[in-house]
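Peer 1: There's a structure below that I have some questions on.
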């Protein structure tokens, strides 16, 4: 074969391999999209030190718990969680969409727990100091072996389970633990969901409270929408086992490979009550929504809209983006000019599960929904009406009267209840109860209004203003003691702010006149100094030996001017009996709750461990001394505490040995000297840097694709090598004629060195 043919053949083969490989990559991705995708159960749920997610021999998802404490003994669902959505049942003759709510089905096997808690975290409907709402379903085993289930809502956060199960309205004693289903339903008030826990043939009804919107957003470090935690009565107790069967209609029955088959379409959740839209404003920016899939964290969505045209035979939908605004196009009456739109969401997960949703399904009960043909439309108007107080009436002469209605009286009671146990000082706020029954608007739901709060202390000539607040941001900082007075006004989504008549003239509200408009209801509360509080620290932080570490300031709430004392301890976990960090955290928590001083901390720890600790085991690290050794070359450096560089002013130090470092804080109120508050932070210093980045299943799920990628890369490299190394036609023909090229010189030298036999072979 001559050089030209050889080169051509090599190029052809390499190119063919490359094309086949690329086709394989495309095919595998298409196949992955076209087929029902599967998921490793461990990829859907995150575990802790004392919990495990496993697949049983009969292909069920099993959660195992083996700790005597709920600390670090949880399984967390690591996706967003839908509470409420709509769907159209294609197999049903019903013309109206179906209202769907959260559901969870599971079963215990080996339920040897003291408590088993299912926690639902969500954003708050009414803001509080907690920042996150927690509602729970708790299963409980008494000392005599009887079992009960209780519903602990956000209002019962501080109620002990032993007290909760004694309340027949919030608990149910069980004869057995069969199949269990937790399901949501519509609540009676804003931010509420009805909850039913069905266990076998019996059920318990209750309410979850202070929930914002129709879903909970998963954020690993801040909010876990759904978690499972067990507390066992003793170390030698058999593990608690739970089988999860389904979540929001997605079955967790596994295929023959022990994987979850994603066969449920994503859903559309809308956090706002939709009433209508304003002409000339962005449609998409007028409401809050999310698309959620049980298994897949990514959902592709196509948004379209149709502005109703009476001349069209059928709707013709266009792409909807955040820049799309609806303007006057077809004015139906001069008295009430408005347009009508239909908004469509086409959702598809990566597993080819698709569903279509219409925004009209999510309209509020009092929304303006109009039907043309077979399509429901939401109105888009030039609304100029502002929100109103339900306790204010206006007569034909524009005289306004304030009325002490039931809604007003109820709000007075809500304010008084919210002010109970309220503390004064930096970091404290008064959180306003919902004004939903007091303030209403014709075209904007309460959740879509923006609010302005005017407030002042009693007897003060100056007032403060907090403006452009959403309904879940209503709070007043209370840095000082005394009586606070406040008024609230609102504006709708179209910017129409409350206006009031004064001397027969309609006026807008501002900080200068709000206190002179008597018709605006005024509310008050009193706050006093009840001492200091410290927000709980992280359970455990991590540092590395010889690397500077800054603990960070404790979040202290209370009047300014308090005094603080910080003590840093070192605990050698090996010589101290290899104490595990869960037990240490529990112990330090007890010291914190019992107000154990830093001076008594060592004694308390010795009592807990049942041993006497030497200075090598547990010792106090003294603050940096400017008169001591300054660096490692100075005498005594290796035994002096200066090597830790412990600075109380910055709460920073440099670990010198692996083990636990415990920062203990003692805080004294500036006005209440007898009151002392304690706080802590536990830091574990490791001698090695952990470079682990968590478990991934990408390689496992893409083996075939990876093989084709490798083949394609090799083929591409072969093509490049062939192109560079094989001589071109021009080079071969010009060899030995005229001034040779570099490759020609090489060819001439090669012929001379190969001898006469080589020349004869070339002739052939």
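Peer 1: Stretch residue 314-residue 630 to full length: gain in nm at 0.36 nm per residue minus the Cα-Cα span? Before the final figure, lay out the partial values.
Peer 2: On the way: separation 316, 0.36 × 316 = 113.76 nm, distance 8.41 nm.
Contour length minus the Cα-Cα distance gives 105.4 nm.
Peer 1: Please give the length that would be gained between residue 54 and residue 159 if that part of the chain were fully extended, namely 0.36 nm times their separation in residues minus their C-alpha to C-alpha distance (nm, one decimal). Walk me through the numbers on the way to the answer.
Peer 2: Values: separation 105, 0.36 × 105 = 37.80 nm, distance 3.33 nm.
Difference between extended and current length: 34.5 nm.
Peer 1: State whether segment 260-301 is rounded, prolate or oblate according to the following rule on the C-alpha gyration tensor (a ≥ b ≥ c being the square roots of its eigenvalues): a/c under 1.5 gives rounded; otherwise a/b larger than b/c gives prolate, and the remaining case gives oblate.
Peer 2: It comes out prolate by the Cα gyration axes.
Peer 1: Give, as ranges by residue number, the residues of segment 115-153 whose backbone N falls under 16 Å from the point 7 Å along Cα→Cβ of residue 167.
Peer 2: Label zone hits: 134-140, 149-153.
Peer 1: Same structure, new question: Starting from the Cα of residue 497, step 7 Å along the direction of its Cβ; do the same at residue 143; then give the gap between the two resulting points in nm.
Peer 2: Taking the simple label geometry, residue 497 and residue 143 are separated by 6.3 nm.
Peer 1: Rank by packing, highest mean first: peptides 222-228, 618-624, with packing defined as the count of other Cβ atoms within 10 Å averaged across residues.
Peer 2: 222-228, 618-624
Peer 1: Quick one: Debye curve from the alpha-carbon atoms of segment 267-381 only, equal weights, vacuum; give me log10 I(q)/I(0) at q = 0.13, 0.15, 0.21 Å⁻¹ to two decimals.
Peer 2: The Debye formula, applied to the Cα set alone, gives -0.51, -0.67, -1.23.
Peer 1: Between segment 194-263 and segment 413-432, how far is it from one alpha carbon centroid to the other, in angstrom?
Peer 2: 34
Peer 1: Rounded to the nearest 0.05, what FRET efficiency do residue 650 and residue 322 give with R0 = 45 Å and r taken as the Cβ-Cβ distance? Could you check? Kindly include the intermediate steps, with their values, before the conclusion.
Peer 2: Numbers: r = 45 Å, r/R0 = 0.99.
In this case the efficiency is close to 0.50.
Peer 1: For residue 288 and residue 555, what does the FRET efficiency come to when R0 = 22 Å and r is the distance between their Cβ atoms, rounded to the nearest 0.05?
Peer 2: Numbers: r = 29 Å, r/R0 = 1.32.
It comes out at approximately 0.15.
Peer 1: Neighbour counts of other C-beta atoms within 10 Å: give me 632, 666, 522 arranged from fewest to most. It would help to have the intermediate numbers written out before the result.
Peer 2: On the way: 632 8, 666 17, 522 14.
The most exposed by this proxy come first: 632, 522, 666.
Peer 1: Next question, about the same structure. What is the extension gain from residue 89 to residue 205, computed as 0.36 nm multiplied by their sequence separation minus the C-alpha to C-alpha distance, in nm to one decimal? If you can, show how the numbers build up before the last one.
Peer 2: Numbers: separation 116, 0.36 × 116 = 41.76 nm, distance 2.71 nm.
Between residue 89 and residue 205, full extension yields 39.0 nm more.
Peer 1: Ranked highest first by average number of other Cβ atoms within 10 Å, how do 392-400, 438-446 line up?
Peer 2: Working: 392-400: 12.0, 438-446: 21.3.
In descending order of packing, they fall as 438-446, 392-400.
Peer 1: Label point 7 Å out from residue 546 along Cα-to-Cβ: which residues of segment 623-645 have amide N under 20 Å?
Peer 2: The answer is 630-645, whose backbone nitrogens lie closer than 20 Å to the label point.
Peer 1: Measure out, as a whole number of angstrom, how far apart the alpha-carbon centroids of segment 286-315 and segment 151-168 sit.
Peer 2: When both Cα centres are located, 42 Å separates them.
Peer 1: To the nearest 0.05, what FRET efficiency results for residue 709 and residue 238 with a Förster distance of 45 Å applied to their C-beta separation? Present the calculation step by step, with values, prior to reporting the outcome.
Peer 2: On the way: r = 47 Å, r/R0 = 1.05.
About 0.45, to the nearest 0.05.
Peer 1: What is the Cα centroid distance between segment 74-136 and segment 583-657, reported in whole angstrom?
Peer 2: The distance from the Cα centre of segment 74-136 to that of segment 583-657 comes to 45 Å.
The numbers here are math on the coordinates, done by the rules we state, and not lab data. Being a predicted model, the structure only gives us computed values, none of them experimental. Heads up, the Cβs are rebuilt from the backbone with ideal geometry, glycines too, and the neighbour counts pull from every protein chain shown.
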